[in-house]
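Asks: The structure's right below; bear with me while I get my questions together.
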Amino acid sequence: MARRPSQSCIHIKLFLIFMLNGSVAFLRTPDISDVQFMLDIENNERYWHLSGVTSPYSKKDIEQFINESSSNLKTDCQLRLVIIDISTKKRAGLLDVFEYEPLHKRAGIGIFLLEEFRGHGLASDALRVLIQYLFKIMKLHQLWCNILTENTESMKLFNGAGFNQTAIKKDWIFHNGKFHDEAIFQLINPNHRV
């Protein structure tokens, strides 16, 4: 029997849909119509080194993920959002919040934007909206992300959102026959009170 979502989960899902609007990007929780879109991204081997994936997902895996997700960070300890380009109404990418640690009030974030949508401000707008939600509504103290040091566009994106590079992990990612350095970026909520 399927688990019935609690009232708080329903309210949070509706709240996300209402609140996560930017000027050029809209963020929404995935639904069953997003299965093929997510499958195409997750199973593109060009990007596996960024997420640590080593084998493809099945359609059933993605459907199960969507169906079992409450879209509640506190319940699932993760949150996936689909980035929609407001001007075209097309799916442009994905935003992930992961490794949510309620005790320490922190979470990791990652963003993926399809190449055709890059350079139009969608990533920065989506990131801005997500940060606002995580800091103001979820009351997180800190966000972090890992970026390969040669990925200058992502480093520029996160710097522009207020993140600071705090460390370099040397030879951290093995990809294309060699090791790559990975930078840690952190953003502390300036308004967080304990």
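Asks: If you take the square roots of the eigenvalues of the alpha-carbon gyration tensor of the range 108-194 and sort them as a ≥ b ≥ c, do you get rounded (a/c under 1.5), prolate (a/b over b/c) or oblate?
Replies: Working: a/c = 2.58, a/b = 1.38, b/c = 1.87.
The shape class here is oblate.
Asks: C77 label point, 7 Å along Cα→Cβ, cut-off 19 Å on backbone N: hits in the range 100-125?
Replies: Label zone hits: 100-110.
Asks: Here is a follow-up. Just need the relative contact order of the range 7-144 here, percent rounded to a whole number, with Cα pairs under 8 Å and 6+ apart.
Replies: With pairs under 8 Å counted, the relative contact order is 25 percent.
Asks: Treating only the Cβ of Lys, Arg, Asp and Glu as charged (+1, +1, -1, -1), what charge dipole size does the chain show about its Cα centre? Round to the nearest 20 debye.
Replies: In debye, rounded to 20, the chain gives about 760.
Asks: Taking only Cα atoms and a 10 Å spring cutoff, compute GNM fluctuations for the chain and point out the largest among R106, R91, R46.
Replies: Maximum fluctuation in the GNM of the chain, among the listed residues, is at R46.
Asks: Projected onto the charge dipole of the range 115-184 (+1 at Lys/Arg Cβ, -1 at Asp/Glu Cβ, origin at the Cα centre), which of N151, I168, M138 gives the Cα projection farthest towards the positive end?
Replies: Sorting the options by dipole projection puts first M138.
Asks: Here's something else I'd like to know. Give, rounded to the nearest 20 debye, the magnitude of the charge dipole that the range 80-194 has about its Cα centre when Lys and Arg contribute +1 at Cβ and Asp and Glu contribute -1 at Cβ.
Replies: Dipole size: approximately 480 debye.
Asks: Here is a follow-up. If packing is taken as the mean number of other Cβ atoms within 10 Å per residue, what is the order of 99-105, 51-57, 118-124, highest first?
Replies: 118-124, 99-105, 51-57
Asks: When the helix-only estimate is applied to the chain (DSSP H runs of n ≥ 4, each -39,500 (n - 2.57), divided by the residue count), what is the mean residue ellipticity at 222 nm, nearest 500 deg cm²/dmol?
Replies: For the chain, the value works out to -8500 deg cm²/dmol.
Asks: Starting from the 7 Å offset along Cα-to-Cβ, what nm value, one decimal, do you get for the label separation of S87 and E68?
Replies: 3.9 nm
Asks: Further, regarding this structure: Rounded, prolate or oblate: which fits the range 50-141, taking a ≥ b ≥ c as square roots of the Cα gyration tensor eigenvalues, rounded meaning a/c under 1.5, else prolate when a/b beats b/c? Could you put the intermediate results ahead of the total?
Replies: Working: a/c = 1.76, a/b = 1.10, b/c = 1.60.
Oblate.
Asks: Right, another one. Which of the listed residues, L50, G22, L79, is farthest toward the dipole's positive end in the range 7-144, when Lys, Arg count +1 and Asp, Glu count -1 at the beta-carbon?
Replies: Going by the Cα projections, it comes out as G22.
Asks: Now a separate question. Considering only C-alpha atoms, what is the centroid distance from the range 151-194 to the range 31-95, in Å?
Replies: Rounded to whole Å, the Cα centres lie 22 Å apart.
Asks: Lysine pairs in the chain 8 or more apart or on different chains: how many have alpha carbons under 22 angstrom apart?
Replies: Lysine pair count for the chain: 16.
Asks: Need one word for the chain: rounded, prolate or oblate. Basis is the Cα gyration tensor (sqrt eigenvalues a ≥ b ≥ c); a/c below 1.5 gives rounded, then a/b vs b/c decides.
Replies: rounded
Taken together, the values in this text are just the output of simple stated rules run on the coordinates, not laboratory data. Being a predicted model, the structure only gives us computed values, none of them experimental. Methodologically, a virtual Cβ is constructed for each residue, glycine included, from the backbone with ideal geometry; neighbour enumeration extends over all protein chains shown.
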